[in-house]
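Trainee: Attaching a single structure in structure tokens format; questions to follow.
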Amino acid sequence: MSPKELKQKKLEDTHKALMTLMANEKIEDISITELCDLAGVSRTYFYHHFTSMDDVISEFQVSSIVAYMRALPSKQILDLSTMMQHYFRLNQESYEDTLILIRAGKESVLIKAFKSVYLYLFDKNRISKSQLTNNKYWADFIAGAVVNMMVAWLQDGMTESATAMGENVAKFLSRN
């Protein structure tokens, strides 16, 4: 296993262990030792890579979204509807973990992760630019709006498809 693959595996194992623990106890009650033991990583690894449990969540979210987006067809620019459809599909696939995070009040971590990926895709010219995207608050707005929609959608039982949700985001943000 390459160093990059090993790093990703440790992140995935740590995140999985954290989700397992959070399903049964409050995040404040989870010790680093307990997390590391369940994940099969050392405390040194944890403190070298993270400053908090929220960092584990955020890093995993960013890693997952970026990996998912990289797997998309390599057309140069993603339209908003397509990007959002894939975001909703990713959360649909990992809805149990996302619901654990929501119950733990970790929406702000999800928003931070979405914003980081959005800015990454923006910097890589994978997202079309408009006058709105030049506003310094745009990334905060889009991240909060989309994550709040995703939370409501998951809590409502995902009655609409991920495709419909992506199209909804695009409609809400269109100028028509």
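Trainee: For ALA152, what is the net charge nearby, where nearby means another residue's Cβ is under 14 Å from its Cβ and Lys, Arg count +1, Asp, Glu -1?
Mentor: -3
Trainee: Tell me, THR20, THR159 in order of fewest to most beta-carbon neighbours within 10 Å?
Mentor: Lowest count first: THR159, THR20.
Trainee: Something else: Per the helix-only calculation at 222 nm, which mean residue ellipticity applies to the chain, given -39500 (n - 2.57) for every DSSP H run of n ≥ 4 and division by its residues, nearest 500 deg cm²/dmol?
Mentor: Helix-only estimate at 222 nm: -22500 deg cm²/dmol.
Trainee: Something else now. How far is helix 107-123 tilted, in degrees, relative to the longest principal axis of the Cα atoms in the chain, given as a value from 0 to 90 rounded to the nearest 10?
Mentor: So the inclination is approximately 60 degrees.
Where a number appears in this text, it was derived from the coordinates with a stated rule and is not lab data. It should be emphasised that the depicted structure is a prediction, and the values quoted were computed from it without experimental measurement. When we count neighbours, we look across all protein chains shown, and the Cβ atoms used for this are built from the backbone with ideal geometry, even at glycine.
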